[in-house]
Amino acid sequence: MSNEVNAVIIMFGGSGDLAHRKLYPALFGLFQHGVLKDHFAVIGTARRPWSDDHYQEVVRDSVKEAGNTDQDAIAAFAKHFYYQSHDVTDADHYVTLKQLAAKLDEQYEVGGNRLYYMAMAPKFFSTIATHLKSESLLTNTGFNRLIIEKPFGHDYESAKALNDAITGTFKEEQIYRIDHYLGKDMAQAILALRFANPWFKAVWDKDHIKDIQITLAEAVGVEERAGYYETAGALRDMVQNHVMQLLAYLTMDEPEALTSEAIHAVKAKAFDDLHRYTEDEARQNFVRAQYASATVDGKKVPGYREEDGVAPDSLTDTFVAGKMLTDNPKLAGVPIFIRTGKRLTRKSTQVTVTFKDGDGLFGHTPGDQLTVYIEPNEGYTLEINAKKLGETATLEREWLNMRHDDQAVSDAPEAYERLIGDVLAGDQTNFNHWNELAQIWRYVDVITRAWANDKTMPTYKAGSMGPQAAFDLLKPGDHKWYWQPRHTQLAD
Ligand SMILES: NC(=O)c1ccc[n+]([C@@H]2O[C@H](COP(=O)([O-])OP(=O)(O)OC[C@H]3O[C@@H](n4cnc5c(N)ncnc54)[C@H](OP(=O)(O)O)[C@@H]3O)[C@@H](O)[C@H]2O)c1
């Protein structure tokens, strides 16, 4: 059975970094898998005055840079791309965009299906949505779907204003709010792990779990993104989206079915269940910091405030750690420790569930620890108590390890390919609904407000795993970070 989808895809920000690095290779993956075949066209739009020929060359380069080598397929794919120079703030341009889309719709026999991809600065999202409506770009036949990149708002108020603007044009079921973590295999694997294994299901509760930990560590600094990062910080850039998505998968109830509706129902409840802190409690339970200059791997790296584009007195957090709780009775009281930051020891996203210690035949035994590696490695570790070889009653810790093969990981579709494929198939499972986002922002806004009047900013050494306060956070109750990579060459 063919899984081909017909569509005209309009890419706002067609000359941008995201389109180049991720979206064109993702569309090529869909082309190779037959999802996009004969009946599709892509219109790239941005202000610079490119020709179709030049645009097609850009697309071919992007696909090649992503490691694809099938020249014939790349050439055939790029022929479906058209460019229109367009300033999204200028209403007149939507008229020409509409004409081009209608022409390509007919030429490729698409039947009115449209995908609008907002791959540009969020300040333009409302403007584009409003013009799509006022200039009547949406078709009356086929589907009209909107993909919208993160960040979705800066706080609850701005997210609501943005949502009001786009829902003036698109219905909730036509909106696909991207969080590319939801397209990651190992994030999705948490659901299978929890709900396809009766053994884990039986112990996923406050009686058995001591703590849950989520780490999203980046080794890089702010790089060229200071302009954006200065307005965001780690809390908005990572916690508000990726950390929260992983947290929902780890704490939500079992969905009634593997359908988008059923999964969103329990996810929304997981966000509703988040234990709300007062601002005072948020100050006690969340830690922020900025990286300071250090020598890492023999190289001096600048501190955050010394980076290009960063204010010398910046109060932007490059690291956040926190202790969160859920009011879901099944997990109430189980601390959920989260941390994320730039310039940490090593890049890794991983979650660990530590089970409670036991007492029995072998005396007091430490709890088992289950780790899911999300990126760059993909796999699982279960750390257990086991009998030492050659001895009768001596225990030692053993690691049951599973790593997906590197080749298999690199052959699997990238998150963006899976997500765009989901949109073409009309599957909203792996996208954020507004009610979920609204709850997340309400939670995050309390932390932002708690920090708003604090003009002090603790630091941590670049190449470390964050400030001491992030370790102290776990001391009550005898918790500690499971993942503690050591940097052998870290110097002052
Ligand atoms: N890059 C990433 O890895 C990444 C990752 C996750 C999320 N995102 C999100 O993806 C979105 C795009 O990011 P990006 O990194 O691709 O940004 P970018 O490289 O700055 O690209 C911005 C695009 O918008 C176009 N543009 C700017 N002003 C315009 C206007 N007035 N009218 C029409 N086009 C205009 C630019 O082209 P012209 O200058 O030619 O107009 C360019 O194509 C953002 O929401 C970002 O947060 C990016």
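The values are calculated or read from the model by the stated rules, or taken from the named source; none is laboratory data. Because the structure is a prediction, the values reported are computed rather than measured. Quick reminder, even Gly has a Cβ in these numbers, built from the backbone with ideal geometry, and neighbours come from all protein chains shown. For accessibility, only protein heavy atoms count, side chains too; no ligands or nucleic acids. Shrake-Rupley method; radii C 1.70, N 1.55, O 1.52, S 1.80 Å.
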Any trypsin sites (Lys or Arg not before Pro) in the stretch 115-205 that lie in a DSSP loop and have at most 15 other Cβ atoms within 10 Å would be LYS171
For GLY44, what residues show an amide H to amide H distance below 5 Å, using hydrogens built from the backbone and excluding near sequence neighbours? MET11, TYR82, TYR83, GLN84
Give a residue-ordered list of calculated ³J(HN,Hα) values for the stretch 135-145 (Karplus: 6.51 cos²θ - 1.76 cosθ + 1.60, θ = phi - 60°; whole Hz; x for Gly, Pro). 9, 6, 7, 5, 8, 9, 10, x, 9, 10, 10
Apply the a/c threshold of 1.5 to the C-alpha gyration tensor of the stretch 445-485 and tell me whether it is rounded, prolate or oblate. oblate
Straight-line reach from LYS387: which aspartates and glutamates have Cα under 19 Å away, leaving out those fewer than 8 places along the same chain? ASP357, ASP359, ASP368, GLU396, GLU398
Label-to-label distance, nm, for residues given as VAL203 and LYS347 (7 Å Cα→Cβ offset): 3.3
Over the chain, what is the mean sequence separation of C-alpha contacts under 8 Å (at least six apart), divided by residue count, expressed as relative contact order in percent? 17
Please state, rounded to one decimal and in Å, the Kirkwood hydrodynamic radius that the stretch 198-269 gives when every pair of distinct Cα atoms enters the mean of 1/r. 14.9
A correct Karplus calculation of ³J(HN,Hα) over the stretch 303-313, with 6.51 cos²θ - 1.76 cosθ + 1.60, θ = phi - 60°, whole Hz and x for Gly and Pro, returns x, 4, 5, 9, 6, 4, x, 9, 5, x, 10
Rounded to whole Å, give me the distance from the Cα center of the stretch 154-224 to that of the stretch 22-95. 29
Pairs to check: LYS123/LYS323; LYS206/LYS269; LYS171/LYS267; LYS455/LYS480; LYS98/LYS133. Give those whose C-alpha atoms are more than 23 Å from each other in this structure. LYS123/LYS323; LYS455/LYS480
As a check on your grasp of the helix formula, calculate [θ] at 222 nm for the chain: sum -39500 (n - 2.57) over DSSP H runs of n ≥ 4, divide by the residue count, round to the nearest 500. -10000 deg cm²/dmol
What are the chymotrypsin sites (Phe, Trp or Tyr not before Pro) within the stretch 389-492 that DSSP puts in a loop, where the Cβ has at most 11 other Cβ atoms within 10 Å? none
How far is the Cα center of the stretch 452-470 from the Cα center of the stretch 288-321, in Å? 10
Determine ³J(HN,Hα), in whole Hz, for all residues of the stretch 388-396 in sequence, where each value follows from phi through the Karplus function 6.51 cos²θ - 1.76 cosθ + 1.60 and θ = phi - 60°; x replaces Gly and Pro. 5, 4, x, 10, 8, 10, 8, 9, 9
Exactly which trypsin sites (Lys or Arg not before Pro) in the stretch 430-492 are in a DSSP loop and have at most 11 other Cβ atoms within 10 Å? LYS455, ARG486
Taking the reciprocal of mean 1/r across every pair of different Cα atoms in the stretch 339-492, the Kirkwood radius in Å is 20.1
Show the residues, 5+ positions off or on another chain, whose built amide H is closer than 5 Å to the amide H of TYR291. TYR304, THR318, TYR460
In Å, the C-alpha Rg and Dmax of the stretch 7-149 are 14.2, 43
Among DSSP bridges having both ends in the chain, what percentage is antiparallel? Round to the nearest 5. 60
In bins 10 Å wide, starting from 0, what share of all Cα pairs of the chain does each bin hold, as a percent? 4, 18, 27, 26, 17, 7, 2, 0, 0
Ignoring ligands, DNA and RNA, how do GLU106, GLU172, GLU414 rank by accessible area with a 1.4 Å probe, largest first? GLU106, GLU414, GLU172
Probe 1.4 Å, all chains present, heavy atoms only: SER85 accessible area in Å², nearest 10, is 50
Amide H neighbours of ILE209 under 5 Å, at least 5 residues apart or on other chains, H built in the peptide plane: list them. LYS356
